[in-house]
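The values are calculated or read from the model by the stated rules, or taken from the named source; none is laboratory data. Since the structure is predicted, the reported quantities are computational estimates derived from the model, not experimental observations. Here the Cβ positions follow ideal geometry from the backbone for every residue, glycine too, while neighbour counts run over all protein chains shown.
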Amino acid sequence: MSAGERVWVEAVGITAPGLANWQAAREVLRGESAYAAADMPLPAPQLLPPNERRRATPTVRVAFQAAEDAIRASSLDPAALASVFASSDADLNIIHRISSALTQTPRFVSPTDFHNSVHNAAAGYWSIAVGARAPSTTLSAYDFSFAAGLEEASALVLADGFDTLLVAFDLPPPQPLFEKRPIACIAGVSLILTKARRPESLASLRCSHVHEASTTMAVPQLEELRHGNPALAALPLLELLALGRSGRVVLPRGSNAGLAVTVEPPS
Amino acid sequence: MKPLPIGAFTVTSALGAGRDAHWRALRDGTTGLRKVQFDTNTLDCWLVEVADFDVPLPEQWSDWDCRNNRLALFGLHQDGFLDAVAKLRARYGGERVGVFIGTSTSGVQQTELAYRARDPESGRLPDWFKHRYTQNIFSVADFVAKVLDLGGPTLAISTACSSSAKVFASARRAIAAGACDAALVGGVDSLCLTTLYGFNSLQLVSTDICRPADAARSGISIGEAAGFALLDPNADAPIAMLGYGETSDAYHMSSPDPEGHGAAAAMQAALTCASVEAAEVDYINLHGTGTMANDSAESRAVCTVFGTSTPCSSTKGWTGHTLGAAGIVEAAIAMLCIEHGFMPRSLNTRTKDPTIDAAVLLEDRYAPVRKVMSNSFGFGGSNCSLLFGARA
């Protein structure tokens, strides 16, 4: 695939162990402060209405935390943005609870668990929280979910003309599922992409398909994080955005396929 | 948008395997709904089970073996679809064909089975349980792409019951943005206890047969299905996707906005996308789940956009609610309606709800059908309307 048209990055958000938000992550990715691993408390996002906050799962809270971090850095109205929520597994805590309940007699599945079990639960809560009525896609591509989300978000911008919020997120499952799907840490990453260059634009992105190995992180702890959560496959891209440099990174798009992303800061 | 030709399509549900079986069941008014035993289900409800597919996958795919991928493979083998894919691959190269599959639960039934087989001492799951290749939402899309040797953008869309309508929108966007030249879209969802007991916990599963738009409707009948279509900009095909509209309700996680604002906006967006007037649409295939809330809200939305005279019906009295596969099943039915000049009645509807003002068909109608809208709505307030039409 030849490099596609460019989209503009308006803002970045992140929540991950030792990378509490974009401001903190930016300093680490620029090498201005050393990475310090830290236990990560479950985030307490601000935009969930009280009613929904009570019912919101850890998964929804992680997605919100990442999304809110980018929203705060942008003057765009979140209600007007289309959205893409990319997650390999969404809520394995709920799958664990429902699968366990189904082995009991009588079988009692919690109605709240069930409606929160849909892969698009975070997207639903987000649209309610900010009043967003624009198109919203929720997708999974296993460990390649960030790249798939970036392509879908770029297509919403380029083909349908929507400024778009991309949120990638995953959480470690409980045992016994953890043994089968060892997602190492909680993490969420978000980008706001626009069609037009804006005063806030950090850089432009162009995507193409390649058969190349994924770009790695030089700092061992960051490289470990990159493997620890499907959302953190974005780290090499975030590093270029933090440095404000032009460059090219390859993100995992499949077992033997990559998504090359060419990054150019505004001239 | 420029009409996007549908190079081929196939559908497998409780009505049978392939397009002919569906056309015959629609024409003859034969429902696929049964009171059948599934797994260890103890709920009193009607189900729609696909026949003949539930056999282990060939050895090379044994890691992927689960009810959902079995149904996917069975569905791919109908209507000469594999040959059509081979032609598409030859024309564009597999790397330039995207794969977009909708599913709500993928192979989660395998997880249910694995939880029953946990080690009583350690609590560990059995070795045969392969999360990545069965339970994970991406499994079915990855499986289809690998079986067909396609390597364009590959992803599973999971927005509950709008999943396999939204694949048409995502695939068209990917083609327009240059990420691929053509696409395979589809939807696969299979029966599992998670959805049966889950929908039952929300009091949405009827003990009666699904009766869309009926005054005494009492909920959904859950079904399973697989369907696929090829979106090929260069195909010389009789039917094309003309437009799509996607919106979010921003109202409630598991109830539709009673005024139907989001649903109406999706239908209007699909018309605008296609540059088609509401009056040009011959028939609307409704989401029509048979719940009180959905059918009332959808009728309001239809009347907002189309008025009260455009013929419409839900076909869930035939197929049941196939959840993440509902979008592709009803897209296929919409295309069969265009092919055969046929508008199906609302099967199982005895007395139309007097508060439903939309022109729900109580009798089959034979007349030329050139443009059909198909609605799919899901939990989280996810709405998608697709517009299909006969070409020139």
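Exactly one residue out of A:A196, A:A187 is within 27 Å of A:L81 (Cβ to Cβ), of a type in the set (A, V, I, L, M, F, W, C) and crowded, with 17+ Cβ neighbours inside 10 Å: that is A:A187. Taking residues in the range B:168-195 that are at negative phi and more than 7 Å from every other protein chain (Cβ to nearest Cβ), and partners anywhere that are assigned to a helix (DSSP H, G or I) and among the acidic types (D, E), the pairs with Cβ atoms closer than 7 Å and at least 6 places apart or on different chains are B:C192/B:E112.
Residues checked against (1) part of a helix (DSSP H, G or I); (2) more than 7 Å from chain A (Cβ to nearest Cβ); (3) modelled with pLDDT of 95 or more:
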residue	(1), (2), (3)
B:P120	no, yes, yes
B:P126	no, yes, yes
B:Y133	no, yes, yes
B:N136	no, no, yes
B:A145	yes, yes, yes
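Cβ-Cβ distances below 8 Å connect the following pairs, each with a first residue in the range B:239-266 that is facing another protein chain (nearest Cβ under 8 Å) and under 11 Å from B:E298 (Cβ atoms), a second residue that is of a type in the set (F, W, Y) and in a loop (DSSP other than H, G, I, E, B), and a separation of six or more residues or different chains: B:G262/B:Y251.
Being outside any helix (DSSP H, G or I), facing chain A (nearest Cβ under 8 Å) and either of a type outside the set (A, V, I, L, M) or buried (at least 24 other Cβ atoms within 10 Å of the Cβ) (or both) is a property that B:L155 has.
If the Cβ limit is 6 Å and pairs must be 6+ apart or interchain, which residue in the range A:238-267 that is within 14 Å of chain B (Cβ to nearest Cβ) pairs with which residue that is among the basic types (K, R) and crowded, with 22+ Cβ neighbours inside 10 Å? Matching pairs, first to second residue: A:L259/A:R253.
Would you please name the residue that is surrounded by the fewest Cβ atoms within 10 Å (Cβ to Cβ), looking only at residues in the range B:273-303 that are within 14 Å of B:L386 (Cα to Cα) and among the polar types (S, T, N, Q)? Filtering first and then ranking leaves B:S275. Within the range A:100-116, can you find the residues that are surrounded by 15 or more Cβ atoms within 10 Å (Cβ to Cβ) and either more than 7 Å from chain B (Cβ to nearest Cβ) or out of contact with any helix residue (DSSP H, G or I) (no Cβ under 7 Å at 6 or more places or on another chain) (or both)? Within the range A:100-116, A:A101, A:T112, A:D113, A:H115, A:N116 meet the criteria. Scanning the range A:118-141 for residues that are buried (at least 24 other Cβ atoms within 10 Å of the Cβ) and either at the interface with chain B (Cβ under 7 Å from one of its Cβ atoms) or among the aromatic types (F, W, Y) (or both) yields a total of 16. Set side by side, the residues A:E200, A:E179 differ, and just one is within 12 Å of another protein chain (Cβ to nearest Cβ) and of a type in the set (D, E), which is A:E179. Screening the candidates B:D63, B:D20, B:D39 for the property of being assigned to a loop (DSSP other than H, G, I, E, B) and of a type outside the set (A, V, I, L, M, F, W, C) yields one hit, B:D39. For the range B:78-98, what are the residues that are under 26 Å from B:V55 (Cβ atoms) and either part of a strand (DSSP E or B) or touching a strand residue (DSSP E or B) at 6+ places or on another chain (Cβ under 8 Å) (or both)? Listed by number, the residues that qualify are B:Q78, B:D79, B:G80, B:F81, B:A84, B:V85. Taking the range A:158-186 as the range and being hydrophobic (A, V, I, L, M, F, W, C) and within 17 Å of the chain's Cα centre (by Cα) as the test, the residues that pass are A:L165, A:L166, A:V167, A:A168, A:F169, A:L171, A:I183, A:A184, A:C185, A:I186. Whenever a residue of the range B:42-61 is within 23 Å of B:R211 (Cα to Cα), its partners that are of a type in the set (A, V, I, L, M, F, W, C) and modelled with pLDDT under 90, lying with C-beta atoms within less than 6 angstrom and at least six residues away or across chains, give the pairs B:L47/B:V36; B:E49/B:V36. In the range B:97-126, what count of residues is obtained for those that are more than 30 Å from B:F377 (Cα to Cα) and buried (at least 19 other Cβ atoms within 10 Å of the Cβ)? Residues meeting the conditions: 3.
Among the residues of the range A:1-58, those identified as in contact (Cβ under 8 Å) with a residue 40 or more places away in the chain, out of contact with any helix residue (DSSP H, G or I) (no Cβ under 8 Å at 6 or more places or on another chain) and within 14 Å of chain B (Cβ to nearest Cβ) are A:S2, A:A3, A:R6.
Report yes if B:S162 is within 12 Å of the chain's Cα centre (by Cα), more than 8 Å from chain A (Cβ to nearest Cβ) and at negative phi, otherwise no. When the stated conditions are applied, B:S162 passes them.
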